[in-house]
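Below is one structure, written out as structure tokens, with a few remarks after it.
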Amino acid sequence: MCFLPVQEAEEAESTEIKAALRKRLKWWIRISFYTFFVITGQATATLLGTQYYDKGGKSKWLATLTQVAAFPILIPLYFFSPLKNLTKTSNINTKPPSVTVLAAVYVSLGLLGALNCYLYSVGLQYLPVSTYSLICASQLAFNALFSYFLNSQKFTPFIVNSLILLTLSSTLLAANGDSSSPGHVSKGKYMIGFICTVGASAGYGLYLPLTQLAFYKVIKKHTFKAVMDMIMFQALAATTAIMIGLFASGQWKGLKGEMEGYELGKVSYVMNLLGTGISWQVFTIGVVGLIFEVSSLFSNVIGALALPVVPVIAIIFFGEKMDWIKGVAMILAVWGFISYIYQHYIDDRKEYKKKKLNRNVSEVSTTSSSQIEGISVAAVKQVAEARNEGKICRIEC
């Protein structure tokens with residue numbers, strides 16, 4: 001019989017566990033900050049966008065521009081050392097794509113983003129903010145659907161349940177158009193707002209899988225600089241397209257009169273636009289952080305977490321009515337969101353256990369190879385499984 005030095009192994013394992021716990025705690029702190037940025041940024045920007053329309057703002061193109069035009073404030077992140085050294089994968093030997101290919105990716109995704117922003121602006125103008133936010137929850141369903149075709153996303157019972165619930169929630173809100181629409185908005189405009197918001201949610205649901213596909217198939221690396229380049233150049237393309245739309249539509253001519261007629265005054269008008277732009281960039285910082293710490297899919301899920309929060313704030317501060325149909329729609333949306341989150345929790349646990357088992361197999365193989373010869377792979381795996389379950393391990397020669 002040959003026995004591993006149990007006491008030394010236990011001390012080493014105890015040190016490893018403490019280090020892992022400290023690392024995990026720091027990870028959760030970062031996740032908490034990024035999540036806070038995503039939720040507060042998106043909720044604040046949505047509510048400020050609603051205030052813009054309620055107090056006299058009329059330009060859809062200007063409201064669209066505020067969603068992307070503040071991207072230059074993210075430039076200092078390029079030089080922020082704790083972030084610029086972050087790397088998910090090492091692809092030093094991978095041949096970088098040509099400038100033409102990269103430009104095509106950035107411009108196409110930027111144009112898709114500009115279209116989504118415009119559709120969101122139309123929806124926010126014609127819908128109550130509570131209704132708008134609940135419909136936006138359908139982006140999770142579209143994300144799962146497009147990920148199935150583009151990124152081999154699997155449909156599980158929890159994902160299917162989420163799709164059904166979110167679809168039912170949006171259907172209820174569509175059928176409730178007469179009672180939900182604001183007094184100054186006709187039923188026709190309400191339906192336009194509904195269709196545009198659903199279209200924007202579908203576009204955003206397509207945008208993330210396409211971005212993920214671009215990273216894996218075109219860019220082929222996942223460094224902080226690569227993610228920042230994707231964000232900045234997409235925003236530049238989107239801003240350019242929206243500026244063209246603003247001037248081509250002629251809405252720029254009425255901006256001076258719009259500012260003078262704004263109910264809260266000129267200063268509040270400018271502060272609203274600045275606040276909206278900065279809030280969306282705070283949201284973007286949170287998204288970038290979550291992409292590195294977890295995944296782009298998780299970023300979308302956390303973004304959707306703000307959606308049930310906005311209707312509650314809208315009811316308190318904007319005096320919107322909460323009828324029983326909207327209440328049921330909110331419950332269905334939250335239920336669908338929880339179902340979606342739970343599925344990813346299950347996936348993460350499985351992946352964590354798999355990685356832990358593989359690490360234990362590697363550690364036991366390395367240790368035992370220096371002490372004994374002829375041990376089978378099956379025996380090593382048994383020892384690793386025992387360590388994974390917290391049992392004391394013994395190797396028999």
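The values are calculated or read from the model by the stated rules, or taken from the named source; none is laboratory data. Given the structure is predicted, the values throughout are model-derived calculations rather than measurements. Ideal geometry is used to build each Cβ from the backbone, glycine not excepted, and the neighbour counts take in all protein chains shown. These area figures cover heavy atoms from the full protein model, side chains too; ligands, DNA and RNA do not enter into them. Shrake-Rupley method; radii C 1.70, N 1.55, O 1.52, S 1.80 Å.
Worth pointing out:
- Residue count, the range 48-59 (criterion: buried (at least 22 other Cβ atoms within 10 Å of the Cβ) and either out of contact with any helix residue (DSSP H, G or I) (no Cβ under 9 Å at 6 or more places or on another chain) or part of a helix (DSSP H, G or I) (or both)): 3
- Some residue of the range 185-205 being on the phi < 0 side of the Ramachandran plot and at pLDDT below 75: yes
- Neighbours by Cβ (under 7 Å, 6+ apart or cross-chain): first from the range 191-212, under 14 Å from residue 127 (Cα atoms); second among the β-branched types (Val, Ile, Thr) and at pLDDT 90 or above: 192/122; 193/122; 196/122
- Scanning the range 165-180 turns up no residue that is in a helix (DSSP H, G or I), at pLDDT 80 or above and either touching a Pro at 6+ places or on another chain (Cβ under 9 Å) or open to solvent by 30 Å² or more (accessible area, probe 1.4 Å) (or both).
- Residues being within 11 Å of residue 46 (Cα to Cα) and of a type in the set (Phe, Trp, Tyr) - total across the range 105-129: 1
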